[in-house]
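A short write-up of the structure that comes next.
The values are calculated or read from the model by the stated rules, or taken from the named source; none is laboratory data. Remember, it's a predicted structure, so these values are computed and weren't measured experimentally. All Cβ positions, even for glycine, are placed from backbone atoms using ideal geometry, and neighbour counts span all protein chains on display. Areas reflect the complete protein model, heavy atoms only, side chains present, ligands, DNA and RNA absent. Shrake-Rupley method; radii C 1.70, N 1.55, O 1.52, S 1.80 Å.
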Amino acid sequence: MSALDSLCPAEQLVVTTVREFVDRQVRPVAQELERTDTYPEALIERMKELGVFGLAVPEEFGGTAVSTPCYVLVTEELARGWMSLAGAMGGHTVVAKLLLHFGTDAQKRRWLPRMATGEVRAAMALTEPGGGSDLQALHTVARRDEEGGGYVVDGAKTWITNSRRSQLIALLCKTDPDAEPRHRGISVLLVEHGPGLTVSRDLPKLGYKGVESCELSFFGYRAPADALLGGVEGEGFGQMMRGLETGRLQVAARAVGVGRAAFEDALRYAQERESFGVPIWQHQSIGNYLADMATSLTAARQLTLHAAREADAGRRVDMEAGMAKLFASEAAMRITLDAVRIHGGNGYSTEFDVERYFRDAPLMIVGEGTNEIQRNVIARQLVARGGLDA
């Protein structure tokens with residue numbers, strides 16, 4: 001049974017619709033958009049029309065909420081076409097989930113209907129220049145504005161995807177810098193662009209072109225009191241950790257999509273290209289590459305879908321999402337390198353897509369918490385849970 005067969009007919013239609021969009025509209029233009037590092041305005045607009053930005057938003061707020069397995073399969077399809085498109089909806093979905101789980105009724109009513117249509121696109125602002133994956137080591141501070149009743153924010157963030165074109169940013173910051181332990185002083189503010197917030201340069205990147213990743217500077221930025229997610233200070237670290245379970249599943253699905261694209265290109269090339277009078281897949285070394293690529297890709301997808309199903313069952317999935325992200329990203333790195341090898345000299349040419357896949361793959365290893373962090377999370381959970389369930 002294929003992964004698609006496990007979905008209900010309505011969700012199968014969602015995935016196949018996105019697949020057709022990728023094949024007909026994304027793949028024919030991805031190489032040129034990548035080469036020129038051009039923001040994919042037309043493709044983003046089409047994703048809005050398809051409802052991609054509302055896949056985590058319930059119908060009561062104007063979305064079409066789907067199961068988490070359906071969501072990761074949609075992500076896989078987008079990443080198969082161009083990983084940047086999957087990135088354009090990743091953080092947006094995490095913020096939607098944060099609002100659903102933790103937002104006040106007023107926050108949900110204000111943001112979710114417009115997020116469902118893509119009129120409002122959201123970004124996450126977590127990483128800081130000196131902190132990296134250590135999200136408790138924050139220096140961005142939101143102090144109470146006694147006169148205005150809100151917060152005054154000062155600090156800096158970096159590697160913030162979609163920050164320039166977003167209308168809403170989920171900002172992780174300290175509302176009590178002196179709190180011990182550190183996580184108790186952390187909150188999430190739902191901020192908009194305005195005076196005191198500067199989006200500076202687009203960071204140059206190895207891959208992940210087209211979609212911007214920027215540095216943010218907050219200097220005397222004023223946020224109203226109702227910008228505090230959930231209305232309670234000090235809950236932000238736990239809120240964001242819950243949101244990152246979805247984020248890591250999304251990154252795992254991106255890795256599966258990139259790996260799948262590389263495998264499919266390599267399999268096709270190995271059947272078309274001949275050497276010594278036979279298609280190159282018949283040479284044992286190339287055939288072995290293909291066998292290992294297919295095996296790793298299948299395992300990565302199954303790990304990701306397992307974590308997705310556990311999430312929908314209401315279970316904590318920081319370990320399962322971490323496992324999926326760890327395995328799928330490392331597999332994508334190996335698969336894309338092997339695809340370059342199978343293509344030989346052509347694999348090093350920008351005229352073939354496999355060099356793009358190879359440049360995109362490392363992002364999933366270092367993004368959304370490095371794989372070194374994932375191993376720490378997995379080890380802690382193994383001890384806390386007493387091992388793995390049989």
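Projected onto planes of every orientation and averaged, the convex hull of the alpha-carbon atoms in segment 1-134 covers 9.9 nm². Per the Debye formula on identical point scatterers at the alpha carbon atoms of segment 201-299, with no solvent, log10 I(q)/I(0) at q = 0.10, 0.12, 0.24 Å⁻¹ is -0.57, -0.70, -1.20. Anyone know which of A123, A42, A328 comes out most mobile in the 10 Å Cα GNM of the chain? Result: A42 has the largest fluctuation of those listed.
Between E41 and A10, the modelled label-to-label distance comes to 3.5 nm, taking each label 7 Å out from Cα in the direction of the beta carbon. Beyond 18 Å, the tail of the calculated P(r) for segment 1-73 holds 47 percent of the Cα pairs.
With both labels modelled 7 Å from their Cα along Cα-to-Cβ, the E146 to R334 distance reads 6.0 nm.
Estimated from helical segments only, the mean residue ellipticity of the chain at 222 nm is -17500 deg cm²/dmol, where each DSSP H run of four or more residues counts as -39500 (n - 2.57). Given the options E355, E180, E77, which has the most mean-square fluctuation in a GNM of the chain, springs set between C-alpha atoms less than 10 angstrom apart? For the chain, modelled as a Gaussian network with Cα springs under 10 Å, the answer is E180.
Helix 41-50 and the longest principal axis of the Cα set of the chain meet at an angle near 80°. For R385 and F276, what does the FRET efficiency come to when R0 = 41 Å and r is the distance between their Cβ atoms, rounded to the nearest 0.05? That gives a FRET efficiency of 0.20.
Which entry is the computed semi-axes √(5λ) of the Cα gyration tensor in Å for this structure: (1) 32, 28, 19; (2) 41, 23, 19; (3) 37, 22, 20? Computing semi-axes √(5λ) of the Cα gyration tensor in Å and matching it to (1) 32, 28, 19; (2) 41, 23, 19; (3) 37, 22, 20 gives (3).
Relative to the longest principal axis of the Cα atoms of the chain, the long axis of helix 9-21 lies at roughly 70 degrees.
Per-residue 3J(HN,Hα) values for segment 146-157, derived from phi via the Karplus relation 6.51 cos²θ - 1.76 cosθ + 1.60 with θ = phi - 60°, read 4, 6, x, x, x, 9, 10, 10, 9, x, 9, 10 Hz in sequence order (x marks Gly and Pro). Taking the longest Cα principal axis of the chain as reference, the axis of helix 68-81 is set at about 60 degrees. Largest GNM mean-square fluctuation among H139, H283, H193, using the chain with Cα springs under 10 Å: H283. Cross-link pairs exceeding 25 Å between alpha carbons, from the set K108/K205; K174/K325; K48/K97; K157/K325: K108/K205; K174/K325.
Normalising the Debye intensity of segment 246-298 to I(0), with uniform scatterers on Cα atoms only, and taking log10 at q = 0.12 Å⁻¹ returns -0.33. Residues H343, H101, ordered by accessible area of protein heavy atoms at a 1.4 angstrom probe radius and largest first, appear as H101, H343. Sorted on the mean count of surrounding Cβ atoms within 10 Å across their residues, most packed first, peptides 19-32, 153-166, 201-214, 84-97 read 84-97, 153-166, 201-214, 19-32.
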